[in-house]
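Single-structure report; data block below.
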Amino acid sequence: MDAPVTAEDQLRHEASGLAVDDILALCYTLHQRPQPARLRLYVDVLRRRGGDRAQFACALICFDLARQGDVAAQRDFGFLADTMRGLSASDELVSQLVGGDPYLGYVWELCRAQLDALDPRFAETEVEPDPELMPELDLLSDADFAEDLPDLAVDDVAMKERFEQALEAFLGGVPGYPVFDAESGFRVKNGRDVERVETFLRELDSLRDYVRVARGYRALALLFYGTHMRSKSIFGTVNLRKQELLRDGLAEFAQSGHVVGDVAGVLGALHAEPEVWAKVSDVVVDYLAWCSQHSEAIQQGPQAFDAVGRLAVRDLQRGRQRR
């Protein structure tokens, strides 16, 4: 026996037969009575189609849902932003889909302003994964292998060589020459720099238990990277990726501050801009001040510290003082 056809199935079937222009028009006859569930259905229909028109319309509806507070749409738009920016270069396409409808024009102007404000360096790094979509795995522990595997000795020489290679790549070293790329190191100006920093952090995370100075570099790199991200997403929510980086950097600093002192000289003019140390130390000093003001702070640790919120307040105060 065939399953009964639901109202949603019927609506999806009818929408699938419409042209992109008609779906957009249908969506925004509803703008005075917002129906997010129906808009999400139309996004899903458009997402299954190919072509620039369907992609543009899908991204525009997704943006409209996101600006109204739809968390899933905010996450999705983070992945669609580059596509939207590329498609919007076609004035003809935009005019065909948006022109003539006041509300669509209004939404597009808001979207264009947000695209202009989006930091292109970090692209999808500000997009947080949805915990509900993350699979749960039963991870293996050392106990699972205790009776089967012999103790494995760590090759300290190999680990040190791996660290030196990772550090040289991060700092922009030229193999065989005592020179460094002046655009590398603790600088983030484009997507290539973002990938370079992310790669360095992944290496440091693997090496920190075997190479002592890796911990010092990890603390500096995490704090540097976090302070160079925006505090808010384009929809005004806290940038959780930045919060995570700053908290992890402070935790590493608290544990390995004595090592940070050994490597802090790397933040000189050769490998960093002048403001990098000021930004890093600003977060560290604020964390220490917070700890001194809260008796439970030491037990809670950096994971209870609102690094981004407090930084945003300080930036606002500094902006007022400069005026």
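Might you let me know whether region 50-57 holds any residue that is closer than 14 Å to VAL20 by Cβ, more than 17 Å from the chain's Cα centre (by Cα) and not in a helix (DSSP H, G or I)? The answer is yes, given that some residue of region 50-57 is closer than 14 Å to VAL20 by Cβ, more than 17 Å from the chain's Cα centre (by Cα) and not in a helix (DSSP H, G or I).
In this structure, does LEU250 turn out to be over 24 Å from ARG75 (Cα atoms) and in contact with a Leu (Cβ under 9 Å, 6 or more places away or on another chain)? Judged against the criteria, LEU250 is a match. Within region 256-270, track down each residue that is of a type outside the set (D, E, K, R) and either farther than 22 Å from LYS242 by Cα or touching a Ser or Thr at 6+ places or on another chain (Cβ under 6 Å) (or both). Within region 256-270, HIS258, VAL259, GLY261, VAL263, GLY265, VAL266, GLY268, ALA269, LEU270 meet the criteria. Residue by residue through region 224-244, note down the ones that are assigned to a helix (DSSP H, G or I) and within 20 Å of ALA169 (Cβ to Cβ). If the condition is that a residue be assigned to a helix (DSSP H, G or I) and within 20 Å of ALA169 (Cβ to Cβ), then PHE224, TYR225 are the ones that fit. Residue pairs whose Cβ atoms lie under 6 Å apart, separated by 6 or more positions or on different chains, with the first residue in region 257-275 and closer than 19 Å to THR227 by Cβ and the second in a helix (DSSP H, G or I) and aliphatic (A, V, I, L, M), are VAL260/ALA219; VAL263/VAL213; LEU267/VAL276; HIS271/LEU171.
Each reported figure results from applying straightforward, stated rules to the coordinates on display, with no laboratory input. Keep in mind the model is a prediction, meaning the values are calculated, not measured. Because the Cβ atoms are built from the backbone with ideal geometry, glycine has one as well, and the counts that use them run over all protein chains shown.
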